[in-house]
1. Just the residues that are small (Gly, Ala, Ser) and open to solvent by less than 30 Å² (accessible area, probe 1.4 Å), please, taken from the stretch 76-94.
2. Go through the stretch 36-73 and count every residue that is touching a residue at least 12 places away in the same chain (Cβ under 8 Å) and surrounded by 12 or more Cβ atoms within 10 Å (Cβ to Cβ).
3. Of the residues that make up the stretch 165-174, is at least one in contact with a strand residue (DSSP E or B) (Cβ under 9 Å, 6 or more places away or on another chain) and either part of a helix (DSSP H, G or I) or surrounded by 10 or more Cβ atoms within 10 Å (Cβ to Cβ) (or both)?
4. For the stretch 105-126: of the residues being among the small types (Gly, Ala, Ser) and in a loop (DSSP other than H, G, I, E, B), which is most open to solvent (accessible area, probe 1.4 Å)?
5. Only residues that are among the charged types (D, E, K, R) and open to solvent by less than 60 Å² (accessible area, probe 1.4 Å): list them for the stretch 4-35, please.
6. Is there any pair linking a residue in the stretch 107-134 that is under 14 Å from Leu82 (Cβ atoms) and of a type in the set (A, V, I, L, M) to one that is open to solvent by 100 Å² or more (accessible area, probe 1.4 Å) and assigned to a loop (DSSP other than H, G, I, E, B), with Cβ under 7 Å and at least six apart or on different chains, and which?
7. If we scan the stretch 130-146, do we find a residue that is aliphatic (A, V, I, L, M), open to solvent by 70 Å² or more (accessible area, probe 1.4 Å), outside any strand (DSSP E or B) and out of contact with any Lys or Arg (no Cβ under 6 Å at 6 or more places or on another chain)?
Amino acid sequence: MRNSLPTAALSEFVNEVTGAPEEALMDYGVILDWESGTRSRAEAKPMRVGPHRVSRCFSWKVDEPRQLMGNNHGPNPQELLLSGLGACMMVAFVAGATAEGIQLESLRIDLDATLDLRGFLGIGSNSPVGFPEISYTIHVTADASPEQLAALHARAVAHSPNAQTILNPVALRGEIVSTRSGA
């Protein structure tokens with residue numbers, strides 16, 4: 001056991017995925033139901049881990065602060081995006097440290113980004129809609145040299161699905177299923 005991860009299980013999982021690529025396929029899903037104003041309720045859908053279906057009974061509120069016409073009942077979509085990015089990089093960092101035999105004492109990722117709402121509101125043609133940049137600082141205490149931590153950081157970003165989804169273009173496909181109200 002290292003960093004609260006069972007090293008044998010990590011190694012076994014890597015071997016299992018290497019030998020049976022279908023074990024590496026993960027299906028994720030989330031359903032959002034609008035409640036009122038800017039507030040919605042998000043719920044995790046069952047997840048597929050390789051051939052296994054895993055129940056995910058989690059729900060959370062998403063809302064904007066009052067200054068953005070919300071009621072401040074939960075994190076907003078941008079905070080969730082940043083937390084998803086940071087959490088994914090953290091998992092990759094911890095798994096990488098464990099695989100490398102690095103013992104972590106503490107790990108914290110501090111993320112910041114600035115959003116120009118003129119893009120969201122369609123005001124001004126030069127305003128980007130998304131974050132033009134996300135910056136972060138990793139605070140870590142570990143039994144590793146600065147060079148080892150730098151290499152671990154590079155691998156964590158390279159192997160973080162969320163970091164790579166943000167860094168590389170991804171197809172976004174959607175459809176509308178409409179039901180006429182009052183009919």
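1. To start, the set of residues in the stretch 76-94 that are small (Gly, Ala, Ser) comprises 83-84, 86-87, 92.
Hits for the stretch 76-94 are Gly84, Gly86, Ala92.
2. Residues flagged as touching a residue at least 12 places away in the same chain (Cβ under 8 Å) and surrounded by 12 or more Cβ atoms within 10 Å (Cβ to Cβ) within the stretch 36-73 amount to 25.
3. Here is the first cut: in the stretch 165-174, the ones in contact with a strand residue (DSSP E or B) (Cβ under 9 Å, 6 or more places away or on another chain) are 166.
Going one step further and asking which of them are either part of a helix (DSSP H, G or I) or surrounded by 10 or more Cβ atoms within 10 Å (Cβ to Cβ) (or both), we end up with 166.
Yes, because at least one residue in the stretch 165-174 is in contact with a strand residue (DSSP E or B) (Cβ under 9 Å, 6 or more places away or on another chain) and either part of a helix (DSSP H, G or I) or surrounded by 10 or more Cβ atoms within 10 Å (Cβ to Cβ) (or both).
4. Just the residues of the stretch 105-126 that are among the small types (Gly, Ala, Ser), to begin with: 106, 113, 119, 122, 124-125.
Now restrict to residues that are in a loop (DSSP other than H, G, I, E, B): 122, 124-125.
Working: Gly122: 65, Gly124: 55, Ser125: 115 Å².
My answer is Ser125.
5. Step one: of the stretch 4-35, the residues among the charged types (D, E, K, R) are 12, 16, 22-23, 27, 33, 35.
Once the filter is applied, which keeps residues that are among the charged types (D, E, K, R) and open to solvent by less than 60 Å² (accessible area, probe 1.4 Å), the stretch 4-35 yields only Glu23.
6. Final answer for the pair search is Ala113/Glu133.
7. Residues of the stretch 130-146 aliphatic (A, V, I, L, M): 134, 138, 140, 142, 144.
This time we only want the ones that are open to solvent by 70 Å² or more (accessible area, probe 1.4 Å), so: none.
No, the conditions are met nowhere in the stretch 130-146.
The values are calculated or read from the model by the stated rules, or taken from the named source; none is laboratory data. Because the structure is predicted, anything quoted here is derived from the model rather than measured. Virtual Cβ from ideal backbone geometry, glycine too; neighbours counted across all protein chains shown. When the accessible area is computed, the model is the full protein with side chains, heavy atoms only, and any ligands, DNA or RNA have been set aside. Shrake-Rupley method; radii C 1.70, N 1.55, O 1.52, S 1.80 Å.
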